[in-house]
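The values are calculated or read from the model by the stated rules, or taken from the named source; none is laboratory data. Since the structure is predicted, the reported quantities are computational estimates derived from the model, not experimental observations. No Cβ is skipped: glycine too gets one built from the backbone with ideal geometry, and neighbour counts run over all protein chains shown. Just the protein is used for accessible areas: all its heavy atoms, side chains included, with ligands, DNA and RNA removed. Shrake-Rupley method; radii C 1.70, N 1.55, O 1.52, S 1.80 Å.
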Amino acid sequence: MSQKNVITSRASRLTYPKPDEAVIEKCQVSDFKDDSVLINVLHSGISRGTESLVYGGKVPVSEWTRMRCPHQVGEFSFPITYGYACCGVVIETGADVSKVKLGQKVFVLHPHQDIICVNEEMCNPLPDQLPTTRGVLSANMETALNAFWDGEVEDTNSVYFLYTTSTGDKFHPSLCLKAVRNDFCQIFYYCKYR
């Protein structure tokens, strides 16, 4: 049900104006429509690999199309607003929204920004008991599942996941096993504490 009083039309986002430079800047929130969801972003994750390439201006021109992310602003030639791991709480819904509810935690592929407005289909509801600090890792889980699917695994194959982390967080591998038939999957878990 729509609240019809969108809280703000302004937000703050992380932008890379040139290689090796990052700034927080004000931006306009996307237009709110009947199928829109307004989200107060609580956490977003910066990818050590992909976003390091973007930050340093090291994305090869041949990969610009493939690496473009949803809601990206600008191009890899700079300035660019990039990112794909945001978790937050739904604070507004349009009249046609039925999949997510006010107050619900969601994961969204979106650049780093404190308030975002997206189509309902971009929202991935998170379990109530899952903290948004862990929900941000959903992008990592997608990478593991894509490797699983791209490998065309069959019931007769043995699958081993090697999961490493510096936080000791066991969120990612447990979700992987729930997403695939775990009668033929095993996880090797390595944790490096800082």
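Figure the gain on full extension for Ala95 and Ser77 (residue separation times 0.36 nm, minus the Cα-Cα span) and round it to one decimal in nm.
Values: separation 18, 0.36 × 18 = 6.48 nm, distance 3.84 nm.
Taking 0.36 nm per residue and subtracting the Cα distance, the gain is 2.6 nm.
Taking the full set of protein chains and a 1.4 angstrom probe, give the accessible area of Tyr82 in square angstrom, rounded to the nearest 10.
Accessible area, nearest 10 Å²: 10 Å².
Keeping every protein chain in place, order Ile91, Ile115, Ile80 by accessible area at 1.4 Å, biggest value first, i.e. largest first. Before the final figure, lay out the partial values.
Values: Ile91 45, Ile115 25, Ile80 0 Å².
Result, largest first: Ile91, Ile115, Ile80.
What are the aspartates and glutamates whose alpha-carbon lies under 15 Å from the alpha-carbon of Lys105, with same-chain residues fewer than 8 places away excluded?
Counting by Cα, and skipping residues close in sequence, Lys105 has these aspartates and glutamates nearby: Glu92, Asp114, Glu120, Glu121, Asp128.
Find the relative contact order for region 3-64 and round it to a whole percent, using C-alpha pairs within less than 8 Å whose residues are 6+ positions apart.
Averaging sequence separation for qualifying contacts and normalising by length gives 32 percent for region 3-64.
Report the charge-dipole magnitude of region 34-106 in Debye, nearest 20, computed about the Cα centre from +1 at each Lys and Arg Cβ and -1 at each Asp and Glu Cβ.
Working: 7 positive and 7 negative charges, 69 e Å.
Computed about the Cα centre, the dipole is about 340 debye.
Ordering His43, His110 by how much accessible area each has at a 1.4 Å probe, largest first, what is the list? Walk me through the numbers on the way to the answer.
Working: His43 70, His110 10 Å².
Sorted by accessible area, descending: His43, His110.
Zone of Ser9 (label point 7 Å along Cα→Cβ, backbone N under 20 Å): which residues in region 60-103?
91-95
May I ask you to derive the relative contact order of region 1-131, considering only C-alpha pairs under 8 Å and at least 6 residues apart, and to give it as an integer percent?
Details: 291 pairs, mean separation 43.9, N = 131.
Contact order relative to length: 34 percent.
Hand me the GluC sites (Glu not before Pro) from region 11-99 located in a DSSP loop with no more than 12 other Cβ atoms within 10 Å, in residue order please.
Values: sites: Glu21, Glu25, Glu51, Glu63, Glu75, Glu92; in loops: Glu75.
Hits after loop and neighbour filter: Glu75.
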